[in-house]
Amino acid sequence: MLLQAQVLAWSQPEGVDTLGDTSEVLVTPAVFALPAHGQQVVRIALRSDPDRTQERDFRLIVEEVPGAVQPNFTGLNIALRMSLPVFVLPAAKATPAVAFSADWDTSAHKLTVVATNSGGAHIQFRGLEARPDSNTEGSGWRNPVLKYVLPGSRMSWQWAVPPDTILPAQLYIQADSDQGPLSATVDTAASPAQP
């Protein structure tokens, strides 16, 4: 198959994964043919020195260049596309620093848990659970979705809750991450119901 590769800048403004063009990183080869059962080395190079204190984040996009469709072809032609994280480590050692918060929107009946990373490196969450206290495992809200939180960014998890659910004053947050298990007890901020 014929493949093309490019590196895009990766950021998370307002908690949304955003990719954009960048001239900071070179990738070679940008286009290559990959034979069946073959392999290809793709080199990625930063065009400047790493940041001194904060990790820089990119994604390597590798996608198939679709071949010409035969005149009598019927069916679905699917092209491969992979998005792989690329982390440029800073000159000094950097670690993530995560703080959790929770909001209970009583008018929309939604619970939102936010993880804010004020550290200099990313953290990868493999799942998160929010529950009334640390002793009621399995009685809360779970989300197994894998999420990265980049340095200086925040990401959120949201659940719909029944209208008659009693709002706890605090929530116990337990998360599985590439930095090991994390837990925290947070005050629950309530957004008032709209008239």
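Worth a mention:
- Against the test of being of a type outside the set (Asp, Glu) and modelled with pLDDT under 90, the options PRO66, PRO50, PRO96, PRO85 yield a single qualifying residue, PRO66.
- Selection of region 76-85 for residues being assigned to a loop (DSSP other than H, G, I, E, B) and either over 21 Å from THR18 (Cα atoms) or touching a Phe, Trp or Tyr at 6+ places or on another chain (Cβ under 9 Å) (or both) yields LEU76, ASN77, ILE78, ALA79.
- Qualifying residues in region 136-184 (those that are surrounded by 10 or more Cβ atoms within 10 Å (Cβ to Cβ) and among the charged types (D, E, K, R)) - the one nearest to LYS93 (Cα to Cα): ASP178
- Counting only strands (runs of 3 or more DSSP E) wholly contained in region 1-62, the ones carrying 3 or more residues that are under 25 Å from the mean Cα position of the chain (by Cα) and of a type in the set (Gly, Ala, Ser) occupy 2-11.
- Yes/no for VAL113 being crowded, with 16+ Cβ neighbours inside 10 Å, within 30 Å of VAL65 (Cα to Cα) and touching an Asp or Glu at 6+ places or on another chain (Cβ under 9 Å): no
- Filter result for GLY75 (on the phi > 0 side of the Ramachandran plot and exposed (fewer than 12 other Cβ atoms within 10 Å of the Cβ)): yes
- Residue check, ALA102 farther than 30 Å from ILE166 by Cα and out of contact with any Asp or Glu (no Cβ under 6 Å at 6 or more places or on another chain): no
- Across region 4-15, the number of residues qualifying as over 26 Å from SER156 (Cα atoms) and at pLDDT below 95 comes to 0.
The values are calculated or read from the model by the stated rules, or taken from the named source; none is laboratory data. In this text, all values refer to a predicted model and were calculated from it rather than measured experimentally. As a convention, Cβ positions derive from the backbone with ideal geometry for all residues, glycine included, and neighbour counts pool all protein chains shown.
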